[in-house]
1. Here are Glu122, Glu156: which of them is open to solvent by 30 Å² or more (accessible area, probe 1.4 Å) and within 21 Å of Phe13 (Cα to Cα)?
2. I'm trying to understand the selection: among the residues of region 17-42, which are over 24 Å from Gly85 (Cβ atoms) and either in contact (Cβ under 8 Å) with a residue 40 or more places away in the chain or outside any loop (DSSP other than H, G, I, E, B) (or both)?
3. Please list, ordered by first then second residue, the pairs with beta carbon atoms under 9 Å, 6 or more apart or interchain, first in region 263-279 and within 18 Å of Asp89 (Cα to Cα) and outside any loop (DSSP other than H, G, I, E, B), second among the small types (Gly, Ala, Ser) and open to solvent by 70 Å² or more (accessible area, probe 1.4 Å).
4. Could you grab the pairs with beta carbons closer than 7 Å, sequence gap of 6+ or different chains, first residue in region 329-347 and in contact (Cβ under 8 Å) with a residue 12 or more places away in the chain and over 14 Å from Ala288 (Cβ atoms), second one surrounded by fewer than 12 Cβ atoms within 10 Å (Cβ to Cβ) and charged (D, E, K, R)?
5. I'm trying to understand the selection: among the residues of region 324-347, which are of a type in the set (A, V, I, L, M, F, W, C) and part of a loop (DSSP other than H, G, I, E, B)?
6. List the pairs whose first member sits in region 45-65 and is within 22 Å of Leu103 (Cβ to Cβ) and in contact (Cβ under 8 Å) with a residue 60 or more places away in the chain, whose second member is of a type outside the set (A, V, I, L, M, F, W, C) and assigned to a loop (DSSP other than H, G, I, E, B), and whose Cβ atoms are under 7 Å apart, counting only residues at least 6 apart or on separate chains?
7. Which one of these does Ala135 not meet: (1) more than 30 Å from Ala343 (Cβ to Cβ); (2) open to solvent by less than 10 Å² (accessible area, probe 1.4 Å); (3) in a loop (DSSP other than H, G, I, E, B)?
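The values are calculated or read from the model by the stated rules, or taken from the named source; none is laboratory data. All of these numbers come straight from a predicted model, not from anything done at the bench. Cβ: placed from backbone, ideal geometry, glycine included. Neighbour counts: every protein chain shown. Keep in mind that these areas ignore ligands, DNA and RNA; they rest on the heavy atoms of the full protein, side chains included. Shrake-Rupley method; radii C 1.70, N 1.55, O 1.52, S 1.80 Å.
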Amino acid sequence: MEGDKPAGDKWNFDHDNRKPAPKDVTIAGPLVFEPDAEVNAVLHLVEAEFGDHFGQLRPFAYGTTRAEALRALDHFVTHALPRFGDFQDAMLSDHRFLYHAVLSPYLNIGLLGPLEICQAVEQAWKTGTPLINAAEGFIRQIIGWREYVRGIYFLEGPDYTTRNVLEQTADLPALYWGSKTKMRCLSKAVEQTDVEAYAHHIQRLMVTGNFALLAGVDPRHVHEWYLAVYVDAFEWVEAPNTVGMSQFADGGIIASKPYVSSGAYINRMSDYCKGCHYKVAQKTGEGACPFNLLYWHFLDTHRPRFSKNARMGNMYRTWDRMDEDKRDVILREGQDFLDRMRAGEVV
């Protein structure tokens, strides 16, 4: 704030924070740490007891102390924050972290506090290092989102994780546990999750979460997967993001509309579609992107709930303007894809 007004005369700068992935990333990623003797002892224990579980334990690069967490914070503010805002929604196949902080593991376990992180970013902005879109965007993720979902979780109570207003019942596809898939975006997101125990918010929301919602997966299964595979996943922060924002299973407590999209969004924000088995520009027929088919299949399935949603009216008007035969083909091919995937076919 600058007095009673927001700095820069705007309350948020999201329009500056949606740039596609850069051609070159000028940072190697977050700070990495070598496990000490105590951490190595824990790693050996995990290998002995859970060696056949999903996830690659080594190399283990996360800090485990307050001092290491503070070094990670300083590294982010100095080296990544200046370009964080521009590319916070971008995704790249060969650069898993881009300019993301990867501070959530330290924040959620208590090695860092939310206020000190925000103050560090604010102070950097005051010195002129990052532009305001980067500083404001990051601070809003902490105060305006993390603290918001923490309040939602404790306000809504212990039954929150069981909610399923869309009555979705499908099992979680095997591809979430590393089984082969022809969808490159999901393959890359799950591979990264397996190796790093981390994926940033757009990978979670618009790739793995988006697909699960479009595919009719039971939100409880999605919730349990996110809770199991991510290093920063504690139920109070994970459940509202998954059950509420990602899967719309809470009926709109967190989000005013479901976060679903066709393949066009993923193509715009990533390089995942290049070299994919499917063609993102193809809407139907052999090689059509499954996200394109399932997007309309989902909207048609849940039309009674969403057709009067003010933020979704344009989507339904577009659907209604399509030729009836084209709509029939989309729904038939979408259902065929789901049937084949649920039968165990590699899709």
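1. Glu122
2. Ala37, Glu38, Val39, Asn40, Ala41, Val42
3. Gly263/Ala281; Ala264/Ala281; Asn267/Ala281
4. Listed by first residue and then by second, the contacts come to Val346/Lys180.
5. Ala343, Val346, Val347
6. Between residues of region 45-65 that are within 22 Å of Leu103 (Cβ to Cβ) and in contact (Cβ under 8 Å) with a residue 60 or more places away in the chain and residues that are of a type outside the set (A, V, I, L, M, F, W, C) and assigned to a loop (DSSP other than H, G, I, E, B), there is no close pair.
7. Every listed condition holds for Ala135 apart from (3).
For every residue, the table says whether it meets (1) surrounded by fewer than 21 Cβ atoms within 10 Å (Cβ to Cβ); (2) in contact with a Ser or Thr (Cβ under 7 Å, 6 or more places away or on another chain); (3) among the hydroxyl-bearing types (Ser, Thr, Tyr).
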| site | (1), (2), (3) |
| --- | --- |
| His201 | yes, no, no |
| Leu205 | yes, yes, no |
| Thr208 | no, no, yes |
| Ala215 | no, no, no |
| Asp232 | yes, yes, no |
| Pro240 | no, no, no |
| Ser246 | no, no, yes |
| Ala255 | yes, no, no |
| Ser261 | yes, no, yes |
